[in-house]
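Notes follow once the structure below has been shown.
The values are calculated or read from the model by the stated rules, or taken from the named source; none is laboratory data. Bear in mind the structure is a predicted one, so any value in this text is a computation, not a measurement. With ideal geometry, Cβ positions are generated from the backbone for all residues, glycine too; neighbour counts draw on all protein chains shown. All accessible areas refer to the heavy atoms of the entire protein, side chains included, with ligands and DNA or RNA removed. Shrake-Rupley method; radii C 1.70, N 1.55, O 1.52, S 1.80 Å.
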Amino acid sequence: MAQVSLNNIRKIYPNGYEAVVPTSFDIADGEFVVLVGPSGCGKSTLLRMVAGLEDISEGALSIGDRNVNHVDPADRDIAMVFQNYALYPHMTVRKNIGYGLKNRKTPASEIEDKVQTAAKMLNLTEYLDRKPSQLSGGQRQRVAMGRAVVRDPALFLFDEPLSNLDAKLRHQMRIEIKALQRRLGVTSIYVTHDQVEAMTMADRIIVLNAGRIEQIGTPAEIYHRPASTFVASFMGAPPMNLLTAKGSGGRVTVGETISVAAEVADGPVTLGIRPEDIEIGPTCDIPFTVDIVEELGAHRLLHGQLGGQELTIHVGKDVVVSAGPIRMSINPDAVVLFDAKSGLAL
Amino acid sequence: MKRAGFATRWLPILLLLPQLAIIAVFFYWPAAHAVKSSFYLEDPFGFGSSFVGFDNYIHLTGSSEYGRIAKFTVLFTVLVTFFSLALALLLAVKADNVIRGAKTYRTLLMWVYAVAPPVAGFIGLLMFNQSWGPLTELAKSIGWDFKLGVNFNDTAFAMVLVSVWKQVPVNFIFFLSGLQSIPKSVREAALIDAKSSFRRFWDVTFPLLAPTGFFLLIINITYALFDTFGVVDTLVKGEPGNNPMTLVYKVYVDGFRGNDMGGSSAQSVILMVLVLALTVFQFRLVERRIHYT
Ligand SMILES: Nc1ncnc2c1ncn2[C@@H]1O[C@H](COP(=O)(O)OP(=O)(O)OP(=O)(O)O)[C@@H](O)[C@H]1O
Ligand SMILES: [Mg+2]
């Protein structure tokens, strides 16, 4: 267990492409940090630099209180879980899990004990003598986890470990990994492009975009107070509604519809509101036209037009709506305003 | 996997016919002929032949010369197979580590593959030329008076060297593609699990190359036994008498130089059985080949 600190870490690939612009953040001891962002934004690159699988072009990386810029991956006291599991196909589950220990000169009896403990924790005991090809995807995933936990490292690194699993298994493993990490208290960096995973698992989320950090914060901060329109539209399904609005005289208005009090300079702004922060009902003040009702069982999504702009409203399962004109109102406290040009929160 | 079927029965047979005809004319017919003549003693001047039963075979088992050549062939095969595989593996591992220039490296090595065996033997002749061959010079500089075609051991050494040189590129290409088909993430996982590159090679890379290795082993044994004919022929040309030769070369020497068709046929029948055994072994192996997925 250790804190991790990245100080102006930068990555330029040999072909000259700058995959990560100088980036700094600290991770506290035992913290679960999720790196999230769209495909190609540099999440894996960042993680692989921490693992030592990729050279750090510039900057300083420390794990614990040791600078590890030039330390071999095997000596960084890390364990990594790969997207495709990266199990050794010719070794049994037992050997797969124990291989890292064996190379660290652990006595055989101690390896066996640790492998047994890890296997029990991950429900793998009955598969110890099988080869990876004889396991299901979920079991392979567990073996990959076993390989990581058995070493009791200072830092866990996960690179989209669940993306090869089906939705149900993904949900189950999400909870298991989180519980395991809580129990072991190992500092973790978890890469995903799935914002649900990020929201549910993270102590802190780092949203990356095109190699730079857009926002660092707790899931609630990221969700409710996005630092930019990018974060607002990336996090949440459906994403935050972003409406073209205008500030004048201490109010922000969207055409003839929404109007909220806000201390902004006169001129164009972007108004953000989460679909669930909009209410509907006959006494509400704003007219809205529903085009499509999306039935999701536990709730419904209403997609429609607000004065010519697309808007989505989230309503409970008991609210019966059909396409056509209705009335809505917004919770003014939930409104987030962004600079119309830069997209940054005001 | 989905199997596609033919609408009529005779179409596949018709399509196979040319291939079958070629095999029949160039393989089954001569093979049958060889089996038949191995039971006859043929007059060296072509005046008929007489049935002698297993005499030709019995003669072979009693022949000390045949035994000596068989022993040499085994030693030759072991040496050629071992060194061509080991060298190729070494080169492939090195090439796999270089990312830049790998293509040039591969192409350069592949050229050797394009050299025909007799030409390879001829190049060997030049390299080991008694008066000015660079390798003879080199041997001389370390106090080794190299005499190709005169000294049995020296000639054997040259045969092994040229045969290995000729076979390394093929093995190299297979090993390299085997190495490159090992998933990158598996190697990276090993990088985190084991600090020593030596351990990583023997624990992870080598076992994952094993299927390629087994396959190449058979290919190389077959090569050393049969396809080195051209190399042997060039290097011992003229005076096979006192020089090392392989069993395949002996078939040729006895049959076409010695005009002993019966004995030569018996030898080739023995070799055919050997090939058959190797083939069966290989098929067995391929069937049992572990598929790592
Ligand atoms: N070896 C390389 N050489 C050059 N550019 C690379 C290399 N590896 C990755 N890149 C580029 O760096 C950028 C970041 O890649 P990275 O793999 O970190 O993305 P990611 O955020 O993990 O994406 P994904 O969610 O698809 O896995 C991409 O634009 C990619 O094309
Ligand atoms: Mg990635």
Selection count, region B:174-197, where residues are more than 13 Å from chain A (Cβ to nearest Cβ) and touching a Phe, Trp or Tyr at 6+ places or on another chain (Cβ under 8 Å) = 1
If you go through region A:144-157 one residue at a time, do you hit one that is of a type outside the set (V, I, T), touching a residue at least 12 places away in the same chain (Cβ under 8 Å) and in contact with a Lys or Arg (Cβ under 7 Å, 6 or more places away or on another chain)?
-> no
Hey, can you tell me all the residues within region A:45-60 that are buried (at least 17 other Cβ atoms within 10 Å of the Cβ) and away from chain B (no Cβ under 11 Å)?
-> A:T45, A:L46, A:L47, A:M49, A:V50, A:I56, A:G59
Of the criteria (1) more than 12 Å from chain B (Cβ to nearest Cβ); (2) touching a helix residue (DSSP H, G or I) at 6+ places or on another chain (Cβ under 9 Å); (3) open to solvent by less than 30 Å² (accessible area, probe 1.4 Å); (4) not aromatic (F, W, Y), which one A:A2 fails | (2)
Considering each of A:S62, A:S44, A:S39 in turn, give the residue that is farther than 22 Å from B:A189 by Cα and in contact (Cβ under 8 Å) with a residue 12 or more places away in the chain.
-> A:S39
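One line per residue, one yes/no per condition, for (1) within 22 Å of B:N153 (Cα to Cα); (2) open to solvent by less than 20 Å² (accessible area, probe 1.4 Å); (3) touching a residue at least 12 places away in the same chain (Cβ under 8 Å):
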residue: B:F226; (1), (2), (3): yes, no, yes
residue: B:V231; (1), (2), (3): yes, yes, yes
residue: B:L235; (1), (2), (3): yes, yes, yes
residue: B:P244; (1), (2), (3): yes, yes, yes
residue: B:V248; (1), (2), (3): yes, no, yes
residue: B:V251; (1), (2), (3): yes, no, yes
residue: B:D254; (1), (2), (3): no, no, yes
residue: B:M261; (1), (2), (3): no, no, yes
residue: B:A266; (1), (2), (3): no, yes, yes
Across region B:198-216, what is the total count of residues that are hydroxyl-bearing (S, T, Y) and facing chain A (nearest Cβ under 10 Å)?
-> 0
What single numbered condition from (1) open to solvent by 10 Å² or more (accessible area, probe 1.4 Å); (2) within 14 Å of chain B (Cβ to nearest Cβ); (3) within 16 Å of ligand 1 (Cβ to nearest atom) fails to hold for A:V21?
-> (2)
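Conditions (1) more than 13 Å from chain B (Cβ to nearest Cβ); (2) modelled with pLDDT of 95 or more; (3) away from ligand 1 (no atom under 16 Å from the Cβ), marked per residue:
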residue: A:V34; (1), (2), (3): yes, yes, no
residue: A:G37; (1), (2), (3): yes, no, no
residue: A:G42; (1), (2), (3): yes, no, no
residue: A:R66; (1), (2), (3): yes, no, yes
residue: A:R76; (1), (2), (3): no, no, yes
residue: A:Y85; (1), (2), (3): no, no, no
residue: A:P89; (1), (2), (3): no, no, yes
Identify, please: which residue in region A:171-194 is outside any helix (DSSP H, G or I) and among the aliphatic types (A, V, I, L, M) and is, among those, farthest from ligand 2 (Cβ to nearest atom)?
-> A:V186
Selection from region A:145-170 of residues that are crowded, with 22+ Cβ neighbours inside 10 Å, away from ligand 2 (no atom under 16 Å from the Cβ) and more than 20 Å from A:V93 (Cβ to Cβ) | A:L155
Listed by range, helices (runs of 4 or more DSSP H) wholly within region B:1-97 having at least 1 residues that are farther than 30 Å from B:D260 by Cβ, more than 25 Å from the chain's Cα centre (by Cα) and small (G, A, S) are B:10-23
